[in-house]
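Heads up: the structure comes next, in structure tokens.
The values are calculated or read from the model by the stated rules, or taken from the named source; none is laboratory data. Only a predicted model underlies this, so the values are computations on that prediction, with no experimental measurement involved. All Cβ positions, even for glycine, are placed from backbone atoms using ideal geometry, and neighbour counts span all protein chains on display.
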């Protein structure tokens, strides 16, 4: 019924073709995730100073992105879904940064 | 004409007892009121504008006079106008409000300090000279007064409407506010943060006095022990002096003259020693290790009341040399009372 | 209908008119057909009944509060009781009336119809959200029956966690569950608006009512879970003492404030935005004109939703947040005030060159515009840092949010109810009585809450059971106003109930409005549209409507 | 006149109706959706919006973690070192495996293989249970050591690790008290996560029951697909929890 849909929907970024991800892709993702898990444990035992939490978070984020893109099919989804995912993390970022703006600057002005 | 008695009394009261405006009794009050009237003016203008538009259009374009509507899409110019003008007004308000805020919350350096402890449901005021008050506060005119406040239990809020100052009193952390009273008289103190059953009974009175009267009041109402003297006793009885003895071989850092100095901490950071720092260092010593000392100090969390902490803080504030500390050591060794001579804090 | 008449109300000939034989109301019979319905219209009615019940429970508490404050002495009830009264008033009114008021009733009823679809995207989730609302409500009512809660609606720690022995956990769970009800409503709206629009219903053909619900839904979905986790932490703190908000264990009570207001500030936009949508519809219909600057009004809703997330710490200016952080939040607060101002002016100019009539919904809408202007401007007082120090936590703030929430939202809700009542029930209410109610409400409201602004500036703190005697006169005025206000709210209950049986038959489009909902029968069929409509006209296109009606007259003739 | 529809072009309307009838045959198709594609997209979008709320739900706790970790770093290190990396690491792998089988289950449903779908769902559930079992072992240990926050919380192990035969450096008593905050957050976060797992396993049983009937292998995969989104989201939360809670500072100072 697409030709009678909302005319703007024909090229609507909200629509996407349905896509079946193959087990092969899943297997690659699976191995990648296990590898990163091993990596993050190893990295924790090396003293890198300030870089330790940075690396741990970077690895965790990479894993999360891989899961979101492939296991959760976002790579093959419409723009709308991608934006939705983005909006969630954006709001979380707002919560963190705006609240931190209080905690970080509390000691300011006490010099 | 017969007016009901109740109504009559109500009218009398309306005319005599109910002010529509508040006294201005501090140096900040006129500044706050200026902003208030500015805001009131733009509110009234805004309201009149919207009212005029709505009523004007309603009369001019009501169906009887204007049976067929003309379709208008909108007007970028008009819309830009009522975006930019309010934005400009709000930004002015923001700047003005911010200036006022920093004025109210940044005490001048020469302010006299009074400690306030809030608890369910009373205010305790503690003057450095040893005057203790409950639900009352005496201050002189013409001198900036800084309140260092803390709560023993829940959030309270210390408010003196006639001074236009208010600040939340927080458990576990000092907060400060300051004012300079201008007119002698008595004014309300309210707790404005809901704090449990008797929230509305947590009220008190500030008495503002001439400097002379104030001088008289301080002399009459002192408990005989200044806060620093109380602190000195605590310092000895809690055994602080055994480590913070001031000698070169002491296990704890020298406290003489430490207040208002910049301290190098073991974790590499530098801090300014203020009331909040001293309080925190007593309760959470391991986070505040002075560089060069071992983290051996035990915590006093739960062993000492907020009043006691204030006494200690005040004591350390007044320590200019280690003479008094040495004195407490000798007396402590001989198991005697700490010295109680008033007014001898500074040697 | 002559051109000079002062109303656009156009009812069918009452001698021949009758309600349609089949409608969503009589499609199925029996209680279970209501309780297990998937029909968004029936769920809207269920919600309408529920929130009305909670409104009057909350209102009763408000009445008792005002009665107590008639005298300065604590004489009517004990202090604990008074604290419970205002706590329950706040909790019930905020979480069980204001948040679901317009979205769950009018929004539920109208959004699918306005978009030209048969139902919301997830009818079962919609029903679930009503049940969650009631489970939450029952928790809260249980807390009430067991002896009440006296935390205030803000659940401030450490008071709520360590210093009260009332049923905090029960009430918090009630709010927690009701929060999920609101999440599911918002989620349903967003999906419906994105996915279910009829052919031709582009984003910029949607009524502004839908736009404002879209913005509010985003806030519901993103904000409410933060409240949920905060309440869970409060409950854990209370039951096992986990110490996250407890200063004696090293926790920061201000963290609670941050997390709580991260939801609760956007929540006020959740409450007011749908109301703004109602006003857009009503003002346009009764001035026979397209809303002035449609896109600006649409985008200002979205802007409010977006900025709404950046301003929460303005509830904490005196609570010991960093001064510099306060600066940032104050600036952003000023920015969020602008879209509201834009809306007010756009509505005013919608009237220009219109052909204005003054039916009940329009009277309420006028009330909204006046009161919301005051409410919004006094918000700027409170957003200005230095001014906030003096005004916050006093009756000024009480007056401010009642102007926005009651003067704004409740007026909008009543406006919407009067506007869409003929659509929902197929019958008209008595116009003269409803106009009287609108005027009574407006007068009563101002009498109640204007004195509170003065009281606030004089320094009377909020949540005070007893107060110094010099505040009495203004308090007496306020209580007197509350009485009038109470009458104003009781009236609609009576005549709307009356109209269900005896009201005049309304016909399809009594107001001659342009929305899709007015082009179908009233009350609508269960499936709304026999055929999915194809939308080929802009929102608020009165010329299109006139043409269409002309056509109908000729075909019928 | 009762049901005036805004259609002005009768031919397209008829076409639309005809088109709709073609789609109505499938039993899972809900009447208010025009097409099945629309229904499916709506479902996915709705699920994602729900996950958005979950992000914010956990977000509140993640922020609390961030704050207190910075305030009480030493306490967090000590608390974190109380946790077992072998157990935590295994659990991470277990959860990833469970997620992998869930992804395969979606694929099996897409290609309409009922036996495979059942197998993968069962494997997903089994690994879910393994995760919860290991979590239970970890919790139980904390219970015995009095590391559960609250009235019975005991700091002696952190103040005096030597007495317990631990190699840890002792920390000051005031900091040791803050370990309670670490464990509060640990239990709140992993507890909420475990709760989501338990709910997920419950839904899995329902899905297995329906999959057994063949509901999802005739072209209708939305429930499987949407549940997979939920299950993967729970995975993602754990992917962050593991390094943040277990691996704060494992290297010798």
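General observations
- Only one entry in C:466, C:482 is farther than 30 Å from residue C:117 by Cβ and more than 14 Å from every other protein chain (Cβ to nearest Cβ), namely C:482.
- Per-region count, the range B:90-114, residues in contact (Cβ under 8 Å) with a residue 12 or more places away in the chain, farther than 30 Å from residue B:215 by Cα and crowded, with 21+ Cβ neighbours inside 10 Å: 3
- The number of residues in the range C:352-367 that are more than 23 Å from the chain's Cα centre (by Cα) and away from chain B (no Cβ under 11 Å) comes to 0.
- Top-ranked residue of the range C:191-202 - restricted to ones that are in contact (Cβ under 8 Å) with a residue 40 or more places away in the chain and in a helix (DSSP H, G or I), ranked as surrounded by the most Cβ atoms within 10 Å (Cβ to Cβ): C:192
- Among the residues of this structure, residue A:4 counts as one that is within 7 Å of chain D (Cβ to nearest Cβ), modelled with pLDDT under 90 and within 30 Å of residue C:201 (Cβ to Cβ).
- Within this structure, residue C:267 passes the test of being surrounded by 24 or more Cβ atoms within 10 Å (Cβ to Cβ) and assigned to a helix (DSSP H, G or I).
- Test: residue in the range C:99-116 that is under 30 Å from residue C:199 (Cβ atoms) and in a loop (DSSP other than H, G, I, E, B): yes
- Residue check for residue C:389: within 7 Å of chain B (Cβ to nearest Cβ), over 25 Å from the mean Cα position of the chain (by Cα), surrounded by 24 or more Cβ atoms within 10 Å (Cβ to Cβ) and not in a helix (DSSP H, G or I): no
- Number of the exception - residue C:251 against (1) crowded, with 24+ Cβ neighbours inside 10 Å; (2) more than 7 Å from every other protein chain (Cβ to nearest Cβ): (2)
- Qualifying residue in the range C:450-465 (condition: modelled with pLDDT of 90 or more, at positive phi and touching a helix residue (DSSP H, G or I) at 6+ places or on another chain (Cβ under 8 Å)): yes
- Every condition in (1) at negative phi; (2) touching a helix residue (DSSP H, G or I) at 6+ places or on another chain (Cβ under 9 Å); (3) part of a loop (DSSP other than H, G, I, E, B) is met by residue B:303 except one, and the failing one is (2).
- Some residue of the range B:171-192 being farther than 21 Å from residue C:315 by Cα, at the interface with chain C (Cβ under 10 Å from one of its Cβ atoms), over 13 Å from the mean Cα position of the chain (by Cα) and free of Cβ contacts under 8 Å to residues at least 60 places away in the same chain: yes
- Among the conditions (1) out of contact with any strand residue (DSSP E or B) (no Cβ under 8 Å at 6 or more places or on another chain); (2) buried (at least 19 other Cβ atoms within 10 Å of the Cβ); (3) within 14 Å of chain C (Cβ to nearest Cβ), residue B:201 misses just one, which is (2).
- Filtered by the rule that a residue be in contact with a helix residue (DSSP H, G or I) (Cβ under 8 Å, 6 or more places away or on another chain) and under 21 Å from residue C:488 (Cα atoms), the range C:16-55 gives C:48, C:50, C:51, C:52, C:54, C:55.
- Residue ID - surrounded by the fewest Cβ atoms within 10 Å (Cβ to Cβ), chosen from residues in the range C:509-554 that are touching a helix residue (DSSP H, G or I) at 6+ places or on another chain (Cβ under 9 Å), more than 7 Å from chain D (Cβ to nearest Cβ) and farther than 20 Å from residue C:287 by Cβ: C:526
- Filter pass, residue C:274 being closer than 28 Å to residue C:100 by Cα, crowded, with 23+ Cβ neighbours inside 10 Å, more than 9 Å from every other protein chain (Cβ to nearest Cβ) and touching a residue at least 60 places away in the same chain (Cβ under 8 Å): yes
- Residue among C:423, C:435 that is buried (at least 22 other Cβ atoms within 10 Å of the Cβ) and under 30 Å from residue C:510 (Cα atoms): C:423
- Test for residue D:66: is it within 14 Å of chain C (Cβ to nearest Cβ), without any contact (Cβ under 8 Å) to a residue 24 or more places away in the chain, touching a helix residue (DSSP H, G or I) at 6+ places or on another chain (Cβ under 8 Å) and within 22 Å of residue D:233 (Cα to Cα): yes
- Residue in the range B:208-230 that is in a strand (DSSP E or B) and under 14 Å from the mean Cα position of the chain (by Cα) present: no
- Residue tally, condition within 14 Å of chain D (Cβ to nearest Cβ), surrounded by 13 or more Cβ atoms within 10 Å (Cβ to Cβ) and under 30 Å from residue C:354 (Cα atoms), over the range C:5-53: 2
- For residue C:188: the one exception among (1) in a loop (DSSP other than H, G, I, E, B); (2) over 30 Å from residue D:149 (Cα atoms); (3) facing chain D (nearest Cβ under 8 Å): (1)
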